[in-house]
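Enquirer: I am attaching a structure below and will ask some questions about it afterwards.
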Amino acid sequence: MSASTKLSTSVKALCYIQKVYPDPVTSFEIAEAVGINSSKLRKILSMLVKNGIVESNAGTSGGFKLKKNPSAIHLQEIYCAIEDRKAFHLDVRKESIKKNSLPDKLNFYFLDLFAEVQVEIEDKMKNITLQSIVNKINSN
């Protein structure tokens, strides 16, 4: 699953969890609501639990609930919780590239560029909260 798909799925799931708050909601219910396979969703939810964004309670009345206020959850936090790689990742294999060759110089150029773009993306995501997303959706 691509970074953008995982992020989009995560935000959809969190919006649904927020919508039914304070009631806990099962992964099956969330998967049905957002249109994703429940096993893929459970992987995402487990990462969100691990990172303190949602909580999970077992039992017949259990399920998932937001652990924080939606205005305190920002997109960058969600992104970092679900991603093990950055959106702009460059796999540089130095063994096969001659030092100071064109490919070597281009790799350094793109490493710097991608690092700069990644910082800009994450800074922008820090200014977008789950609550602002919910508000925008509800106003349309």
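One line per residue, one yes/no per condition, for (1) under 19 Å from the mean Cα position of the chain (by Cα); (2) assigned to a loop (DSSP other than H, G, I, E, B); (3) modelled with pLDDT of 90 or more:
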site	(1), (2), (3)
ILE44	yes, no, yes
GLU55	yes, no, yes
ILE78	yes, no, yes
LYS86	yes, yes, no
LEU90	no, yes, no
ASN107	no, no, no
PHE114	yes, no, no
GLU122	yes, no, no
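Enquirer: Related question: I need the full set of residues from region 53-64 which are over 20 Å from THR129 (Cβ atoms) and either surrounded by fewer than 18 Cβ atoms within 10 Å (Cβ to Cβ) or of a type in the set (Ser, Thr, Tyr) (or both), in order please. If you could, list the steps in order and put the result at the bottom.
Expert: From region 53-64, those over 20 Å from THR129 (Cβ atoms) are 56-63; that's our starting set.
Of everything in region 53-64, those that are over 20 Å from THR129 (Cβ atoms) and either surrounded by fewer than 18 Cβ atoms within 10 Å (Cβ to Cβ) or of a type in the set (Ser, Thr, Tyr) (or both) turn out to be SER56, ASN57, ALA58, GLY59, THR60, SER61, GLY62.
Enquirer: Right, something else. Tally time: how many residues in region 108-137 are closer than 14 Å to ALA72 by Cβ, open to solvent by less than 80 Å² (accessible area, probe 1.4 Å) and either out of contact with any Cys (no Cβ under 8 Å at 6 or more places or on another chain) or of a type in the set (Ser, Thr, Tyr) (or both)?
Expert: The qualifying residues number 4.
Enquirer: Suppose we filter LYS12, LYS67, LYS50 for residues that are open to solvent by 30 Å² or more (accessible area, probe 1.4 Å), among the charged types (D, E, K, R) and touching an Asp or Glu at 6+ places or on another chain (Cβ under 6 Å); which single one remains?
Expert: LYS67
Enquirer: Under the condition of being in a helix (DSSP H, G or I) and in contact (Cβ under 8 Å) with a residue 24 or more places away in the chain, which residue from region 20-39 is most open to solvent (accessible area, probe 1.4 Å)?
Expert: Going through region 20-39, the residues in a helix (DSSP H, G or I) turn out to be 20, 27-34, 38-39.
Add one more test, that the residue is in contact (Cβ under 8 Å) with a residue 24 or more places away in the chain, and what stays is 27, 29-30, 34.
Numbers: SER27: 18, GLU29: 82, ILE30: 0, VAL34: 31 Å².
Selected residue: GLU29.
The values are calculated or read from the model by the stated rules, or taken from the named source; none is laboratory data. Quick caveat, the model's predicted, so the values are computed rather than measured. FYI the Cβ positions are ideal-geometry reconstructions off the backbone, even for glycines, and counts take in every protein chain you see. Surface areas here come from the heavy atoms of the whole protein model, side chains and all, with no ligands, DNA or RNA. Shrake-Rupley method; radii C 1.70, N 1.55, O 1.52, S 1.80 Å.
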